[in-house]
Structure formats: structure tokens, C-alpha cells
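As C-alpha cells, the structure follows; a few thoughts come after it.
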Amino acid sequence: MKNTIDRESAITLLQKYVRSKTVYFHSIESEAIMRNVAQKLQATHPEENIDIDLWAITALLHDLDSELTTDDLARHGVETVKLLQKEGYEIPEMFQAILSHTEALGFSEIKRTTKMDYALAASENMTGIISAYVKMRPTKKIDGLKAKSITKKIKDRSFAASVNREFINDVDKHLGLDRSEFVTLSIDAMTEIADQIGM
């Protein structure tokens with residue numbers, strides 16, 4: 001079994017198992033945010049030796065099973081790990097983050113415990129708020145989006161109601177990131193890949 005995976009291999013897997021453009025974009029957005037968060041934490045806490053690529057690729061692959069588990073969310077995350085194992089990978093830290101990002105669904109006993117776990121759950125939920133807000137803008141573009149606009153929408157629980165605000169707010173307690181800083185990191189990350197995600 002392989003205990004590492006590079007981005008090229010991860011993209012190949014994403015293209016193999018994910019046919020939905022929405023899920024594909026969400027995966028790339030999550031990856032970009034996770035990379036920014038990992039880079040920020042590595043810069044401020046170099047002693048933790050954060051594996052930036054592992055964090056980013058974990059986010060890229062976290063919803064690999066989305067089309068297999070649409071009608072059975074209890075299997076979400078579990079099937080992703082099975083797919084990765086079938087492809088010859090055994091990466092415990094990645095698997096833990098993927099399994100625990102579904103914690104709020106109430107089906108799994110696996111909870112978020114590591115910084116990567118908390119970062120993945122926050123990052124993938126943040127894509128939902130930003131994407132929904134961009135769709136409301138007249139330009140349908142992310143360019144020029146202000147952090148305060150997103151922060152306001154995080155407080156408005158009727159907006160993008162399926163987004164887990166608690167997971168986003170956990171960045172302060174568990175990552176040592178101010179929420180406004182996390183919002184800025186997220187907007188910057190998605191702005192950098194705007195041409196890839198149709199924004």
C-alpha cells in the first residue's frame with residue numbers, strides 16, 4: 001500500500017470518480033483553501049511541521065464518494081476511504097480527516113481531533129458560503145469580494161443554510177485563526193483559482 005499521494009495522482013482519481021461539475025469545483029476550492037490555511041499555520045507554527053501538500057490533497061479527495069452516497073449519507077466518507085484503499089493507498093492521517101469531516105451528520109463515531117481535521121471541516125464548508133454569495137453578485141465573479149460581506153452571511157443562518165457554521169467558527173479555538181482571517185484566506189484562495197472554477 002502507498003502511504004503518500006501526489007497531486008497529479010489525486011486529480012486522476014477525482015476525474016475518475018467525480019462526474020459532477022459542482023462537486024469537482026467544490027473539491028478544488030476546498031483544496032485551495034486548505035493549502036492557504038496550512039501555509040499560514042506552517043508560517044506561524046513552524047515547529048508543527050505541517051505537511052501542506054497532504055492537507056491540500058486531503059481536501060481535494062474528501063468528497064470522492066459523493067456520487068456513491070447521495071442516498072445514503074451514513075456511508076459518506078467511509079466509501080471515500082474504501083475507494084482510496086482500493087486504489088492502493090493507506091494514509092491514516094488523511095483517512096481520519098475524511099471520516100471526521102462528516103461528524104455533524106450524526107452517523108459516525110469518528111470525531112475531529114487533529115488540526116487537519118478541523119481545517120478540512122471548516123474549509124469545505126466555507127466554499128459553500130462563498131460560492132453561494134458569488135452566485136448572487138451581478139457579475140457572478142469573486143473578484144473584489146470583501147471579507148466583511150462573507151462574515152455577514154456566516155451570521156445569517158438562513159443563507160446557504162446547509163453550511164455548518166460551527167465548523168467554520170471552530171477555526172478560532174482549534175486552529176488559532178481569527179475567523180475574519182480565515183475568511184480572508186479563503187477568499188484569496190478561491191480568487192487565485194477563479195478561472196478554474198468559473199468565478
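The dipole here belongs to the chain: it is taken about the Cα centre, uses +1 on the Cβ of Lys and Arg and -1 on the Cβ of Asp and Glu, and is about 920 debye. Electrostatic bookkeeping for Leu68 treats Lys and Arg as +1 and Asp and Glu as -1; over the other residues with beta carbon under 10 Å from its beta carbon, the sum is -3. Using equal-weight Cα scatterers in the Debye expression, the normalised intensity of region 36-115 in log10 at q = 0.13, 0.21, 0.23 Å⁻¹ is -0.43, -0.96, -1.08.
Over the Cα atoms of region 121-170, the radius of gyration divided by the Kirkwood radius equals 0.95; this is the Rg/Rh ratio. Computed with a 1.4 Å probe over protein heavy atoms only, the accessible surface of region 1-63 comes to 49 Å² per residue.
Across region 62-155, Cα-Cα pairs more than 24 Å apart make up 35 percent of the total. Summed over the residues of region 151-196 and divided among them, the accessible surface reaches 52 Å² per residue at a probe radius of 1.4 Å. Mean Kyte-Doolittle of at least 0.0 plus a Cα span of 30 Å or more along the axis: flag which DSSP H helices in the chain meet both, please. TM-like helix candidates: 115-136. Entry note, the chain: relative contact order of 23 percent, from Cα contacts under 8 Å with a spacing of 6+ residues.
With a 1.4 Å probe and all protein chains left in place, how much of the accessible area of region 1-83 comes from carbon and sulfur atoms, in whole percent? The value for region 1-83 is 50 percent carbon and sulfur by accessible area.
Peptides 143-153, 179-189, 99-109, 118-128 ranked from most to least packed give 118-128, 179-189, 99-109, 143-153, packing being the mean of other C-beta atoms within 10 angstrom over each peptide's residues.
Grab the eigenvalues of the alpha-carbon gyration tensor for region 109-199, scale each by 5, take roots, and send me the semi-axes largest first in whole angstrom.
23, 14, 12
Let me know the whole percent of all Cα-Cα pairs from the chain that are separated by more than 27 Å. Percent of Cα pairs beyond 27 Å in the chain: 24. Extents of region 6-60, taken as max minus min of Cα coordinates on every principal axis and listed largest first, are 39, 19, 10 Å. Quote the FRET efficiency, to the nearest 0.05, computed for Arg75 versus Glu47 with a Förster distance R0 of 45 Å and r equal to the Cβ-Cβ distance. Efficiency, from the Cβ-Cβ distance: 0.75.
The values are calculated or read from the model by the stated rules, or taken from the named source; none is laboratory data. From a predicted model like this one, the values you see are computed outputs, not experimental measurements. Because the Cβ atoms are built from the backbone with ideal geometry, glycine has one as well, and the counts that use them run over all protein chains shown. For the accessible areas, the whole protein counts, side chains as well, though only heavy atoms, and no ligand, DNA or RNA atoms are used. Shrake-Rupley method; radii C 1.70, N 1.55, O 1.52, S 1.80 Å.
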